[in-house]
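Student: This structure is in structure tokens; I'll ask about it shortly.
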Amino acid sequence: MITLGIESSCDETGIALYHTERGLLAHTLHSQIALHNEYGGVVPELASRDHVRYALPLIRAVLQKADCTLHDIGAIAYTQGPGLSGALLVGASIACALAYTLNIPTISVHHLEGHLLSPLLSNPAPEFPFVALLVSGGHTQLMRVDGVGRYTLLGESVDDAAGEAFDKSAKLLGLDYPGGALLSQLAQGGTPGRFKLPRPMLHSGDLDFSFSGLKTAVLTLTQQHELNEQTRADIAHAAQEAIVDVLASKALSALKQSGLDQLVVAGGVGANQQLRNRLNEVIHKRGGKVFYPDLEFCTDNGAMIAFAGALRLAQQQGKKDYRFNVKPRWNLAEITY
Ligand code: KG4
Ligand code: ZN
């Protein structure tokens, strides 16, 4: 059975075909980064229009790559939320219209569930149960994952997400949006220890995070110093260190508190090399294992939606009811199985 996956929650149109026995057949992605660049952030209306422009050509492209036709598709999974409502509506309406004409079921997928399960696409894959550190542009959460659909929230950011902290710090340093990866590059030339930024809630005793104070601290540094190349790199280094320190320390505490030894890292910030180095170090020291999705599946993509859809379909979650709504704000704990 082949599941077509459609991801359109934000600024990437991701399309993929996942085969229940053969795995991922083909996937493709169109990023809108260049489109939104000059505005310093995602412009929702432009995002929706671009999804309209790219979704169908990309669906044709994956079918061609996998040497399939529309009639080989057995089900269509799409991101129902959370995300930008207009952008989500594009994916949902295309999925439901196409499924209706093909008379096949649709599966509405929670975007974060896609991220959570994406490490299972890699080899070696983690086994349930594990702790997942979800670090994207919109979310920072620690979840206990006991199986497909069995997620328990252990802790989350009370304000900005880790990706947001990267992006806002990057913006203050004059970098383009989204600045996470660019800040990380800049930080490579930074002087360790020149600046020390706060690590909010590091010792709060729970598994929650807070990152909104970081941008204020970065702003203060940018105002206090002349921003030459070295100082920008030093601030970037300090900002990355602060974020990585908190994420690694809380992830380790989550493993200790839950008595588990496997950590799965998902979401765009999971691409950060410094975070990976630190997590590898602290988790291995504890005798645990860390799993990361392949880099291309860390950030938003269609493969994770096709895959999560296929797993939910196996649990009889598909439906041939082509009415749809989207959920721009949607708590993962609210998904029903
Ligand atoms: O998961 P994702 O693609 O989209 C959301 O669902 O939000 O995550 C995007 C976030 C952005 O904030 C981006 O700056 C960040 O992931 N990101 C990184 C890196 N690559 C992407 N942050 C730090 N280091 C990176 N290498
Ligand atoms: Zn995402």
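The values are calculated or read from the model by the stated rules, or taken from the named source; none is laboratory data. Predicted model only: the values in this text are computed from it and were never measured. Glycine also receives a Cβ, built like all others from the backbone with ideal geometry; neighbour counts cover every protein chain displayed. Note: areas computed on protein heavy atoms with side chains; ligands, DNA, RNA excluded. Shrake-Rupley method; radii C 1.70, N 1.55, O 1.52, S 1.80 Å.
Student: Within the stretch 73-84, is even one residue assigned to a helix (DSSP H, G or I) and either farther than 28 Å from residue 153 by Cα or modelled with pLDDT under 95 (or both)?
Tutor: no
Student: Then there's this: Which residue is nearest to residue 251 (Cα to Cα), if the candidates are limited to the stretch 268-321 and must be open to solvent by 50 Å² or more (accessible area, probe 1.4 Å) and touching a helix residue (DSSP H, G or I) at 6+ places or on another chain (Cβ under 6 Å)?
Tutor: The qualifying residue nearest to residue 251 (Cα to Cα) is 274.
Student: Please enumerate the residues belonging to the stretch 89-120 that are within 18 Å of residue 46 (Cα to Cα) and in contact with a Cys (Cβ under 9 Å, 6 or more places away or on another chain).
Tutor: Hits for the stretch 89-120: nothing passes.
Student: Among the numbered criteria (1) at pLDDT 95 or above; (2) open to solvent by 20 Å² or more (accessible area, probe 1.4 Å); (3) part of a loop (DSSP other than H, G, I, E, B), which single criterion is violated by residue 207?
Tutor: (2)
Student: Next question, about the same structure. Take the residues of the stretch 215-244 that are over 14 Å from residue 187 (Cβ atoms) and in a helix (DSSP H, G or I): which is farthest from the chain's Cα centre (by Cα)?
Tutor: If we take residues in the stretch 215-244 being over 14 Å from residue 187 (Cβ atoms) and in a helix (DSSP H, G or I), then 224 is farthest from the chain's Cα centre (by Cα).
Student: Further question: Taking the condition of being assigned to a helix (DSSP H, G or I) and open to solvent by 20 Å² or more (accessible area, probe 1.4 Å), how many residues in the stretch 14-47 meet it?
Tutor: Count: 7.
Student: Also: Got a number for residues in the stretch 1-13 being part of a loop (DSSP other than H, G, I, E, B) and open to solvent by 10 Å² or more (accessible area, probe 1.4 Å)? Show your work before the answer.
Tutor: From the stretch 1-13, those part of a loop (DSSP other than H, G, I, E, B) are 1, 8-11; that's our starting set.
Checking the rest, the ones that are also open to solvent by 10 Å² or more (accessible area, probe 1.4 Å) come to 1, 10-11.
Adding up the residues that qualify gives 3.
Student: Among the numbered conditions (1) over 22 Å from residue 322 (Cα atoms); (2) among the hydroxyl-bearing types (Ser, Thr, Tyr); (3) modelled with pLDDT of 95 or more, tell me where residue 39 comes up short.
Tutor: (3)
Student: Quick check on the stretch 270-285. Is at least one of its residues assigned to a strand (DSSP E or B) and within 16 Å of ligand 2 (Cβ to nearest atom)?
Tutor: Looking for residues that are assigned to a strand (DSSP E or B) and within 16 Å of ligand 2 (Cβ to nearest atom), one finds none in the stretch 270-285, hence no.
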